[in-house]
Each structure stands twice: as structure tokens, then as C-alpha cells.
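Structure first, then comments.
Every read-out reported here was derived from the displayed coordinates using simple, explicitly stated rules and does not represent laboratory data. The model shown is predicted, which means the values in this text are computed figures rather than measured ones. Don't worry about glycine lacking a Cβ; one is built from the backbone with ideal geometry, like all the others, and counts go over all protein chains shown.
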Amino acid sequence: MAQVSMTVNGKPVTGEVEGRTLLVDFLRNGLGLTGTHVGCDTSQCGACVVHVDGRAVKSCTMLALEAEGAEVKTIEGMANPDGSLSVIQQAFQDHHGLQCGFCTPGMVMSAAALLAENPKPTEAEIRHYLDGNLCRCTGYHNIVKAILAASGQDVSIAAE
Amino acid sequence: MYEFEFARPTSLAEALAALKAEDAQPLAGGQTLIPTLKQRLASPSVLVSLSAIEELKGVRREGDTLCIGAATTHAEVAREAAAHYPALAALAGGIGDPAVRNRGTIGGSLANNDPAACYPAAVLASGATVVTNAREIAADDFFQGLFTTALEEGEIITEVRFPIPQAANYQKFEQPASLFALVGVFVARFADGVRVAVTGASEEGVYRWESAEEALSKEFRPDALMGLRMNPANMIHDIHGTKEYRAHLVGVLTRRAVAAARG
Ligand SMILES: Cc1cc2nc3c(=O)[nH]c(=O)nc-3n(C[C@H](O)[C@H](O)[C@H](O)COP(=O)(O)OP(=O)(O)OC[C@H]3O[C@@H](n4cnc5c(N)ncnc54)[C@H](O)[C@@H]3O)c2cc1C
Ligand code: FES
Ligand code: FES
């Protein structure tokens, strides 16, 4: 076992992990932050996306020890300080960007990374950016609309 | 995953020392190695992370050569190579998805030499040099078939040096489930001739399409390829495409790459 320290959603945390412990397992089992999901074993679904030093990564495809000293942000860190939903989360609710919700934490984290890089993405840019986030329920259109809305753009331009 | 120890050195010298342990293996972005470990297809004793070694990172120009540190991520190459070698930057920006690009590295991609990976096509078509801790390896000698390279046990890639071509383009026909190339073609035009490298198509891994190179070196136009056909005999055949389909795509993508490189 080895010790790992990082900042998660603004709070310094320390824990004991094995070499093989994945970041997602440290977040979920070590810290009880079960908002980050695991939807596959092949690094393809994106349900586990979190931000490490401001960049979207698949927390199922990174060792916890690789995040030593890093700033990690998960879905639990997305709400506003008063507990109300962030603009992106609220837009997912308003535009029915989720059904079962399993993919949603990863979708929201990817959307936040996209908007940080590109504050007014086109519909095509949104769809392209979500290449690595799979959703089995919505058919994606409402997710794209939610991200357009969260970026202050007209949602009617998204194809039905 | 089987158990392993984990080391995160901050210098190349420390990494090389750690890699001397029996069954030690380097870990770069982990975007191939971690899924492999999850399937228990690898069982290293020690994983030696390259992610904290600053001397292995970054993009630097030296005259007509673009030097890229082995531990530079696909996302960094997409951003930092854009002003120097746009076709290479575009290739890096089209690998996988944003999260894969934020972790995956050029060194890891080349060491892995997946038959459907993108970077091998750029390295081979550019006639790049793969630099390791021990030597410099020409692209033509580096790739040795599926998942096989000239690297020796414990040898690590430190840098890749790309001669910058006059014009170049990469065309990737994406396999939408894996996001890898079903077929990808990189065309690079230099003062002394044209090089064409094909990934995703052959059972022997990335290769140069020499008859297309000859035709394009005489005349750099899509029409120069009319009548040239790739022999489907050694092509990959799977549920995503037949041999014939892949052979056909090689021709189509090469013509598109030439048209795009001409601008
Ligand atoms: C969903 C998904 C989609 C992808 N799509 C594409 C795609 O479209 N095109 C594409 O080309 N790739 C694609 N990839 C693969 C991706 O580019 C990987 O990042 C890359 O293949 C491996 O790089 P890595 O840095 O992650 O290496 P790792 O996974 O850490 O290592 C891979 C192998 O290389 C060895 N290694 C690593 N660095 C070095 C070094 N410097 N010297 C010697 N050996 C080293 C390791 O020991 C290991 O054997 C995809 C991956 C995923 C998960
Ligand atoms: S759990 Fe599927 S990509 Fe991480
Ligand atoms: S809402 Fe169910 S998987 Fe996306």
C-alpha cells in the first residue's frame, strides 16, 4: 500500500491505495464520492470522466497514484456553493438531457471541459467533443440541446 | 488487474534504473496499457510512470525538424504542433476522444504499434526518427508488424523527430465504435519525393504504398493515382470491413489526402 494525496473538489484528501487502484475506485470507495460512474471495462463509455488539473480524463483509465498532488474535480463539485445546480446541470434538467442518468456525471464533466475551452461551440463541435461519452437512453439530441442552452445559445438549431 | 508496484520518477535516469527490475514496464498515458492490465493480458512487476518526467515532454522546432517528447500528450501535440506541422497536429487532434487525448502520448502509441493506430502512419510517411535512450531508429526500421517494434527490452522512446514536409495530409476513415482508423492514409510531400503510409489496412501493420509514392513523386495530383490498385491479399478482414473494402478505401483516402494537401 502507498499513500496518495490530492485535492478533490477543493478539499485536500489523503488515502492508502495499492499500485493498481484506479482513480475512480479511490474516488468511489476511498472517498465515498459515488457520483462518478463506471460503465465499461474498455475505456470507451466516458461515464467516469472527471477533471484532473482542469482537463477531462477517464478516471477508470488512470491510476490513483498518478493523481498525486493533482486538483481533481468530480460531479459532486459541480453544484453552486449554495447547493443549487450549476448552469450546465440545470440545462440538462430543463432540456431532458438525461433519462436513467447513468451517463450524466460524465456528460456534465465533459460538457464543462468543452465550454471551458470553447464557450460557444457549434452543434457539430458539441457532438464531436462527446465522441467518448456514450448514452444508451437519450439519443443525444437533448444532451446537445442542454449544452447549447448552457452556453447561452439558441437550442432550436439542434437537429431533431 | 494483477498486483504491481508503482514508481513515479522525475528524471529519465531514475526511470531507466527502475526499468532494470525484472518484468518492469513503462506507463505513459495508460490509455492502452490500463485496459490491457484490466483484462489481465499483462502482469508487470513494477510500472514505471513517465508522467512526471519533464525532460520527456514538449514540442520544439529545430530548423526544418519538429521534435516531440515521448511523453507529450495527443492534446498537447494538437495544440502546439499546429503552427509548425498542421497535418500532424490534426492527426493528434483526431485520435480517440478528448479524454483519451488528454492522457495518451506519442511515445506510448508508437511503442504499442497497434495496426489501426494513427501516429505510426505520420511517423512512417514523414520519415521521422524515433529517438530512444540508447539510439536513433529510422521510421523504416522501427515498425516491424502487428504490435511489434525495434525497441529492445527496457529501451524507452525519448523523442520523435519529424522532418517537416512541404505539404501533407492525413485522412482517417474512423471505425465509430473503437474510434481508431478502419483505414488511415498519411501523405507527405518533400523536395525529394512523396511518401505515403497506410494504417488500419494491412495484416502486417503500417506500411508504405510504394507505387503510389512513385506516381505522386512524378505528379502530385489525385489523378496520378488513377489505375493504381492496392492488392487486397494481405488486408485485414473483420466484421467492420472486408479485405476488398479496405483495399478500396486505401485508394480513396490517398486521393483525398493528396487533394487536401494541395489545398
Ligand atoms: C477509446 C479509445 C480510443 C482510441 N482511439 C485511438 C485512435 O483513434 N488512434 C490512435 O492512434 N490511438 C487511439 N487510442 C490509443 C491511444 O492513442 C493511446 O494513448 C496510445 O495507443 C497509447 O499511448 P499511452 O501514452 O496511453 O501509452 P500506455 O497505454 O501507457 O502504454 C502503451 C505501451 O507502450 C509502452 N510505452 C509507453 N511509453 C513508452 C515509451 N516512451 N517508450 C517505450 N515504451 C513505452 C508501455 O509500456 C505499453 O506497453 C485510443 C484509445 C482509447 C482508449
Ligand atoms: S468507465 Fe467506461 S470509460 Fe471509464
Ligand atoms: S441517460 Fe441513460 S445512459 Fe444516458
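Filter A:K58/B:K172; B:K172/B:K218; A:K58/B:K20; B:K172/B:K243; B:K57/B:K243; A:K145/B:K57 down to the pairs with a C-alpha to C-alpha distance above 27 Å, please. Each step should come with its number before you reach the end.
Numbers: A:K58/B:K172 24 Å; B:K172/B:K218 25 Å; A:K58/B:K20 30 Å; B:K172/B:K243 17 Å; B:K57/B:K243 39 Å; A:K145/B:K57 38 Å.
Exceeds cut-off: A:K58/B:K20; B:K57/B:K243; A:K145/B:K57.
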- Task: Rounded to the nearest 0.05, what FRET efficiency do B:E62 and A:Q99 give with R0 = 51 Å and r taken as the Cβ-Cβ distance? Could you check?
- Result: 0.45
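So what is the relative contact order for segment A:121-160, in percent, with contacts set as C-alpha pairs under 8 Å and at least six apart? Write out the running numbers ahead of the final one.
Details: 21 pairs, mean separation 18.3, N = 40.
Rounded, it is 46 percent for segment A:121-160.
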- What number, in percent, do you get for the relative contact order of segment A:72-128 if the mean sequence gap of Cα pairs under 8 Å and at least 6 apart is divided by its residue count? 28
- The orientation-averaged projected area of the Cα convex hull of segment A:87-153, in nm², is 3.7
- If the viscosity is 0.692 mPa s and the temperature 37 °C, what translational diffusion coefficient in µm²/s does Stokes-Einstein give for segment B:5-48 when Rh comes from Kirkwood over Cα pairs? 305
- Would you please state which residues of segment A:60-86 a label at A:T34 would reach in this model, taking the label point 7 Å out along Cα→Cβ and a backbone N cut-off of under 16 Å? A:75-76
- Note on the structure: For chain B, the dipole about the Cα centre with charges only on Cβ (Lys and Arg +1, Asp and Glu -1), to the nearest 20 debye, works out at 940
- Given labels modelled 7 Å from the Cα in the Cβ direction, how far is it in nm from A:V87 to B:L146? 5.0
- Roughly what would the spin-label model give for A:A2 and B:S217, points 7 Å off Cα along C-beta, in nm? 4.9
- Item | Rough spin-label spacing in nm, given labels placed 7 Å along Cα→Cβ, for B:Q39 and B:D192 | 4.1
- Note on the structure: In degrees rounded to 10, the 0-90 angle between helix A:141-150 Cα long axis and the longest Cα principal axis of chain A is 80
- Debye intensity ratio I(q)/I(0), log10, segment A:10-83, q values 0.12, 0.14, 0.16, 0.24 Å⁻¹ (C-alpha model): -0.29, -0.40, -0.52, -1.19
- Note on the structure: Checked against the positive end of the charge dipole of segment A:2-76 (+1 on Cβ of Lys and Arg, -1 on Cβ of Asp and Glu, about the Cα centre), the farthest of A:T21, A:G32, A:A67 is A:G32
- Query: Which is farthest toward the positive dipole end of the protein assembly as shown among A:A149, B:G193, B:S109, measuring Cα position about the Cα centre, with Cβ charges +1 (Lys, Arg) and -1 (Asp, Glu)?
  - Reply: A:A149
- Query: Based on the alpha carbon coordinates of chain A, what radius of gyration and maximum Cα-Cα distance (Dmax) apply, in Å?
  - Reply: 15.7, 53
- By the gyration tensor of its Cα atoms, with a ≥ b ≥ c the square roots of the eigenvalues, what is the shape of segment B:43-137: rounded for a/c under 1.5, prolate for a/b over b/c, or oblate? rounded
- Message: Rounded to two decimal places and with Rh computed the Kirkwood way over Cα pairs, what is Rg over Rh for chain B?
- Response: 0.97
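Full extension from B:R79 to B:E153: what is 0.36 nm times the residue separation minus their Cα-Cα distance, to one decimal in nm? Before the final figure, lay out the partial values.
On the way: separation 74, 0.36 × 74 = 26.64 nm, distance 3.22 nm.
Here the segment from B:R79 to B:E153 would lengthen by 23.4 nm.
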- Message: List the Cys residues of the protein assembly as shown that have no partner Cys with a C-beta closer than 4.7 Å.
- Response: A:C100, A:C137, B:C67, B:C118
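Let me know the charge dipole size of segment A:2-76 about its Cα centre in debye, to the nearest 20, where only the beta-carbon of Lys, Arg (+1) and Asp, Glu (-1) is charged.
Working: 6 positive and 9 negative charges, 40 e Å.
It comes to approximately 200 debye.
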- Note on the structure: Quick calc of log₁₀ I(q)/I(0), the protein assembly as shown, Debye, one scatterer on every Cα, no solvent, q values 0.06, 0.10 1/Å, result -0.26, -0.72
- Compute the relative contact order of segment A:4-101 as a whole-number percentage, counting only Cα pairs closer than 8 Å that sit 6 or more residues apart in sequence. 30
